[in-house]
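Input: a single structure, listed below in structure tokens.
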Amino acid sequence: MPELPEKLSTSTHRNDSLQDALGFTEPIFNASMAGAAGGALAAAVSAAGGFGMLGLGGNVTAEWIDREASLAAAAGHKWGAGLMAWVLEGSLDPLRQVLAHNPAFVCISFGEPGPAAALAHDSGALVGMQVGNAADLSRALEEDIDVVICRGNEGGGHGRNEVSTLPLLQLALEQTSKPVIAAGGLATSRGVAAVLGAGASAAWIGTRFAAANESMSQHNIKEAIGAAGVDDTVYTRAFDIAQRIAWPSEFGGRALRNNFSDAWAERIEDLSAAVAVDETLTNSVNAARDKADPTLAPVYAGQSAGLSTVGQSAAEIIADLSAFRAVLQEAAHRWDRPGTA
């Protein structure tokens with residue numbers, strides 16, 4: 001286990017201990033979104049006082065990892081990386097490659113994290129795990145996980161569709177003294193204030209950073225996020241099935257509704273049968289991804305897409321989110337008892 005300012009799993013000041021260990025001044029992490037969270041975004045978030053995360057997809061090369069991890073580390077701030085446990089079951093090499101660049105924090109999610117967590121600890125990194133239900137939370141409370149990330153079903157991208165952010169966050173805070181980070185549906189200073197006021201150590205923000213200037217997402221994808229409303233997303237496995245991506249069936253993805261999801265999101269068995277005998281659908285979705293065509297390609301985004309805008313830098317987003325302090329201060333005095341200061 002890494003040496004920490006305080007042992008995170010037993011500290012009575014879990015928020016302070018995580019901040020001391022990772023060095024952020026603003027309790028804001030960008031989510032480790034594969035395809036969006038590259039080295040430039042991670043570096044910009046960390047430079048602005050937050051904590052920058054690099055997202056490793058299932059098909060990244062060693063060269064990609066070296067390039068993006070070097071970018072994340074170039075500014076001299078601490079940073080982290082997120083990987084998928086089900087991908088690492090085939091080989092731990094992507095994790096070894098990123099650990100060579102000394103991330104301070106590694107998030108291992110969507111599957112059994114044990115072997116990867118042990119390897120990350122051996123390198124000196126803290127280890128986090130995203131959880132989406134009570135069973136996931138029980139696993140994250142074991143000794144090899146340092147930080148719990150509660151991802152509610154409002155969140156974009158892959159994960160479970162079982163529990164929303166606030167119930168899951170409350171459950172985790174009741175059950176552990178480990179640092180707990182809240183994820184899912186957060187995009188404004190009020191959202192950040194809500195989860196920090198409840199006791200979270202930080203907010204894990206995905207969709208809004210996916211639309212940031214430094215995001216690796218293509219322009220059309222960012223524009224689609226900026227134009228979406230809070231009720232314009234769908235949770236489905238349809239995009240993965242069409243692309244023949246082997247995500248475990250319990251982890252669908254929340255994405256913007258489009259022509260493809262309208263046609264297939266409720267017809268998963270029919271889609272599976274069609275993909276099994278013909279490559280037409282696979283080719284069409286893959287071509288749409290190459291062209292960044294949001295009418296057919298998956299645009300992974302959470303319900304907070306309706307609260308996200310286009311054309312902002314990571315620093316501007318963090319400056320906006322940091323207004324959570326004023327929200328909390330106002331709330332603290334709103335319910336003062338009569339006669340109190």
key: Span from the segment 194-220 Cα centroid across to the segment 140-158 one, whole angstrom   = 15 Å
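At 4 °C and 1.567 mPa s, grab the translational diffusion coefficient of segment 140-200 from Stokes-Einstein with a Kirkwood Rh over Cα pairs, rounded to a whole number in µm² per second. Could you put the intermediate results ahead of the total?
On the way: Rh = 11.8 Å.
Once the numbers are plugged in, D ends up at 110 µm²/s.
Using a 1.4 Å probe on the protein chains only, how many percent of the accessible area of segment 286-341 belongs to carbon and sulfur?
The computed percentage sits at 54.
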remark   = Across 5 Å bins beginning at 0, the whole-percent shares of Cα-Cα pair distances in segment 130-288 come to 2, 9, 16, 18, 18, 15, 11, 8, 4, 1, 0
task = Normalise the Cα radius of gyration of segment 230-341 by 2.2 N^0.38 Å (N = residues in it) and let me know the number.
result = 1.59
query = How big is D for the chain, in µm² s⁻¹ as a whole number, if Stokes-Einstein is applied with the Kirkwood radius of its Cα pairs at 4 °C and 1.567 mPa s?
reply = 64 µm²/s
remark   = Taking protein heavy atoms only, a 1.4 Å probe, and rounding to whole percent, the accessible area of segment 17-77 owed to carbon and sulfur comes out at 51 percent
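Averaged per residue, what accessible area in Å² does the chain show with a 1.4 Å probe, protein chains only? All intermediate terms of the calculation are to be shown ahead of the outcome.
On the way: 14250 Å² over 341 residues.
Per residue, the chain has an accessible area of 42 Å².
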Along the chain, longest interval not containing exposed trypsin sites (Lys or Arg not before Pro), exposed being DSSP loop plus at most 16 other Cβ atoms within 10 Å = 8-243
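For Ala273 and Leu328, FRET efficiency with R0 = 51 Å and r from the beta-carbon atoms, rounded to 0.05?
Numbers: r = 52 Å, r/R0 = 1.02.
Efficiency for this residue pair is about 0.45.
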ask   = Between Asp122 and Glu250, what is the FRET efficiency for a Förster distance of 51 Å, r being their Cβ-Cβ separation, to the nearest 0.05?
value = 0.95
Cα centroid separation, segment 44-120 to segment 237-300 (Å) = 27 Å
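The values are calculated or read from the model by the stated rules, or taken from the named source; none is laboratory data. Nothing here was measured: the structure is a model prediction, and the numbers come from that model. Quick reminder, even Gly has a Cβ in these numbers, built from the backbone with ideal geometry, and neighbours come from all protein chains shown. Remember, those area values only see protein heavy atoms, side chains included, never the ligands or the DNA or RNA. Shrake-Rupley method; radii C 1.70, N 1.55, O 1.52, S 1.80 Å.
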